[in-house]
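Q: My questions will all concern the structure given below.
The values are calculated or read from the model by the stated rules, or taken from the named source; none is laboratory data. Remember, it's a predicted structure, so these values are computed and weren't measured experimentally. As a convention, Cβ positions derive from the backbone with ideal geometry for all residues, glycine included, and neighbour counts pool all protein chains shown. Just so you know, the surface numbers come from the protein's heavy atoms only, side chains and all, with ligands and any DNA or RNA stripped out. Shrake-Rupley method; radii C 1.70, N 1.55, O 1.52, S 1.80 Å.
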Amino acid sequence: MQRRDFLKTISIAAAAGLAGGTAPLRAAESTYESEEKISQEKRRFRVRYRFDLKNPDGKGPYPARLWNPMPYQAPWQNVRILNFKGNYDHWNLNDDNSYDVSILYADWKKSPRPKTLEIEMEIETRYRSVPLKAIEAASKRNLPIPVEVRRFLKPTAHIPTDGKIKAKADELTRGVSDRFEKVKRIYDWVTQVTFRDPKVIGCGSGDAGKMMNSGYFGGKCTDISSLFVALLRAAGIPAREVFGIRLGLSHYSKALGKADDKGFAEISTWQHCRAEYYIPGLGWIPSDPADITKLELVESRKYNDPKVQELKRRYLHGWEMNWVGFNWGRDFILSPKPEQYPINMLGYPYAEVEDEPLDYYFPKEFAYRITSQEITKR
């Protein structure tokens with residue numbers, strides 16, 4: 001992502017189409033929509049952010065700073081329009097960090113006045129799925145990993161690649177040399193042993209080492225995606241988490257996104273972490289092991305339920321795009337540098353008031369509100 005992409009109100013031409021698709025389901029298999037139908041669909045959402053940063057102690061004048069993650073541009077997600085306004089003293093749009101994370105930054109000098117910012121975007125999305133035959137063919141070529149991708153083999157503070165993570169990755173992929181076969185074995189294990197724990201706050205901390213060392217495989221999307229990513233990296237497969245937010249109705253299950261009959265949704269707490277793995281000669285492949293566990297919990301289904309298994313099949317190599325991705329940064333430093341760093345991840349707005357971070361897991365106290373309106377009909 002280049003800084004110039006977001007330095008002013010933008011209106012960007014539609015991105016190029018995605019290659020390939022996947023075979024449709026037979027009508028008798030389910031009542032939810034086939035990939036063939038939704039893969040042809042473009043969706044557009046009007047997304048609005050409203051910030052009114054508060055001083056937690058409620059006393060006197062206060063300064064404030066805000067870093068808000070912005071969507072990246074890709075063939076499957078296209079920011080067509082961006083507008084923002086507020087009473088900030090300074091602002092910038094920057095990607096001045098080690099992951100090129102696009103951020104809208106604003107700050108307010110010490111004063112008693114409210115600290116407000118409004119952002120409005122129109123985002124066009126397309127179903128993202130990479131054909132299995134293409135993945136298998138690229139994997140069989142066993143091409144070298146590009147230099148610029150090798151960073152996604154390395155450990156971070158929350159993504160270790162040694163110890164029990166390495167031991168489990170070796171166990172799962174023993175005797176296998178093909179990269180995609182390794183991915184499938186790890187994906188099968190992660191989706192089978194993990195479960196969604198509703199007691200976990202927000203998306204979870206994504207501490208894969210802690211999860212593996214404890215043997216407790218309950219968590220939320222960042223926890224499960226991070227475990228998947230850590231195991232893949234330990235097995236020699238470049239992988240990364242992708243942080244974003246759900247925008248509206250899922251054509252597969254309301255457990256994975258919903259809206260009212262006019263396409264409106266309050267999405268302040270709908271942040272969601274997915275994953276990608278890299279096959280040389282083809283590129284980044286979308287995946288989402290965490291939503292398998294969410295479908296199981298919300299719809300009270302078992303792992304072997306046909307609907308769960310169908311979603312598992314789709315999400316090995318695809319994403320339903322009632323969601324938009326922001327970035328894949330982990331354990332990095334924002335710009336301008338905040339008081340708290342490095343930051344674990346930037347899937348939520350991050351702000352500091354009187355140099356103290358606000359709790360982004362609680363939008364009303366922070367305070368922010370995010371809404372989405374689907375503005376194209378199927």
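Q: What about S177, is it surrounded by fewer than 16 Cβ atoms within 10 Å (Cβ to Cβ) and of a type in the set (S, T, Y)?
A: yes
Q: Kindly establish whether R314 is farther than 30 Å from P56 by Cα, assigned to a strand (DSSP E or B) and within 21 Å of the chain's Cα centre (by Cα).
A: Spelling it out, it is not the case that R314 is farther than 30 Å from P56 by Cα, assigned to a strand (DSSP E or B) and within 21 Å of the chain's Cα centre (by Cα).
Q: Separate question: Out of region 66-90, which residues are closer than 24 Å to E356 by Cβ, in a strand (DSSP E or B), open to solvent by 30 Å² or more (accessible area, probe 1.4 Å) and touching a residue at least 24 places away in the same chain (Cβ under 8 Å)?
A: G86
Q: Out of region 343-358, which residues are surrounded by fewer than 21 Cβ atoms within 10 Å (Cβ to Cβ), at pLDDT 95 or above and part of a loop (DSSP other than H, G, I, E, B)?
A: If the condition is that a residue be surrounded by fewer than 21 Cβ atoms within 10 Å (Cβ to Cβ), at pLDDT 95 or above and part of a loop (DSSP other than H, G, I, E, B), then N344 is the only one that fits.
Q: Another question, then. How do the pairs read when you match residues in region 156-169 that are open to solvent by less than 60 Å² (accessible area, probe 1.4 Å) with residues anywhere that are part of a helix (DSSP H, G or I) and among the charged types (D, E, K, R), using Cβ under 6 Å and keeping only pairs 6 or more apart or on different chains?
A: Qualifying pairs under 6 Å: T161/R233.
Q: Could you list, in sequence order, all residues of region 91-123 that are under 25 Å from R44 (Cα atoms), outside any loop (DSSP other than H, G, I, E, B) and among the β-branched types (V, I, T)?
A: Once the filter is applied, which keeps residues that are under 25 Å from R44 (Cα atoms), outside any loop (DSSP other than H, G, I, E, B) and among the β-branched types (V, I, T), region 91-123 yields I103, I119, I123.
Q: Among the residues of region 317-342, which ones are among the aliphatic types (A, V, I, L, M) and open to solvent by less than 20 Å² (accessible area, probe 1.4 Å)?
A: M321, V324, L334
Q: Pick out, from region 232-286, the strands (runs of 3 or more DSSP E) lying fully within it that include 2 or more residues that are crowded, with 22+ Cβ neighbours inside 10 Å and touching a residue at least 12 places away in the same chain (Cβ under 8 Å).
A: The qualifying strands (runs of 3 or more DSSP E) are 239-246, 271-279.
Q: Could you check region 359-374 and list, in sequence order, the residues that are in contact with a strand residue (DSSP E or B) (Cβ under 6 Å, 6 or more places away or on another chain), open to solvent by less than 10 Å² (accessible area, probe 1.4 Å) and modelled with pLDDT under 95?
A: none
Q: Which condition number in (1) open to solvent by 30 Å² or more (accessible area, probe 1.4 Å); (2) touching a helix residue (DSSP H, G or I) at 6+ places or on another chain (Cβ under 9 Å) is the one that A137 fails?
A: All conditions are met except number (2).
Q: Right, something else. Go through the residues of region 124-131 one by one and say whether even a single one is modelled with pLDDT of 95 or more, assigned to a helix (DSSP H, G or I) and of a type outside the set (V, I, T).
A: no
Q: Taking region 180-210 only, how many residues are open to solvent by less than 30 Å² (accessible area, probe 1.4 Å), more than 19 Å from A255 (Cβ to Cβ) and not small (G, A, S)?
A: So the count comes out to 4.
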